[in-house]
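Peer 1: Have a look at the structure that comes next, please.
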Amino acid sequence: MPDSQFPFLSVLEEDPRLAFYSQLYGGGQPRGSPQQQNYFGGQFNDIYSQYLGTQGQGLADAQQRGLSLADYLSQPNQSFLSYLQQTPFTQRFAHLPPDMRPVQNRNRFSPSTRWMV
């Protein structure tokens with residue numbers, strides 16, 4: 001097989017960490033703000049666990065529909081890479097509650113109080 005025909009995406013499918021960090025830091029372009037990259041840099045286990053949960057639910061649903069394991073696995077959007085692409089890191093970060101976001105200035109979420117005496 002010539003080098004130009006090498007299945008590069010299959011390498012990303014083989015190693016979940018490679019897929020995760022390629023989506024977070026890959027391409028030589030910053031993906032998201034430094035705060036987002038810093039936050040998600042330590043979230044691999046949580047996000048991979050969420051993916052495994054969706055796969056478990058998908059397997060249960062496939063069994064109820066009468067699909068074989070091979071049929072289920074051959075469906076698009078079953079890989080970790082496709083799972084990461086469904087909800088980009090910027091969108092995940094935007095859905096975090098303010099108290100979980102690593103921001104420098106929390107005053108915009110809880111402004112200081114002035115007491116009048």
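Peer 1: I'd like the projected area of region 7-92, averaged over all directions, using the convex hull of its alpha carbons. Report it in nm² with one decimal. Don't jump to the answer; show the numbers that get you there.
Peer 2: Numbers: hull surface 24.4 nm².
Orientation-averaged projected area of the Cα hull: 6.1 nm².
Peer 1: Moving to a separate point now. To make sure I understand, if each residue's beta carbon is the centre and we count other beta carbons within 10 Å, what order do Met100, Met116 fall in, fewest to most? Present the calculation step by step, with values, prior to reporting the outcome.
Peer 2: Details: Met100 10, Met116 3.
Arranged by neighbour count, lowest to highest, Met100, Met116 become Met116, Met100.
Peer 1: Once you list every other residue whose beta carbon is under 13 Å from the beta carbon of Phe93, what net charge do they have if Lys and Arg are +1 and Asp and Glu are -1?
Peer 2: My count for the surroundings of Phe93 gives +3.
Peer 1: Could I ask something else about it? Between Ser82 and Tyr21, what is the label-to-label distance in nm when each label sits 7 Å out along the Cα-to-Cβ direction?
Peer 2: Each label point is offset 7 Å from its Cα along the Cβ direction, giving 2.6 nm.
Peer 1: Right, here's the next one. What is the calculated FRET efficiency for Asp46 to Ala70, with r their C-beta to C-beta distance and R₀ = 35 Å, to the nearest 0.05?
Peer 2: Once rounded, the FRET efficiency stands at 0.75.
Bear in mind that the values in this text are calculations on the coordinates, not laboratory data. Keep in mind that what you see is a predicted model, and the values were worked out from it rather than measured. Here Cβ is always computed from backbone atoms with ideal geometry, including for glycine, and neighbour counts include all displayed protein chains.
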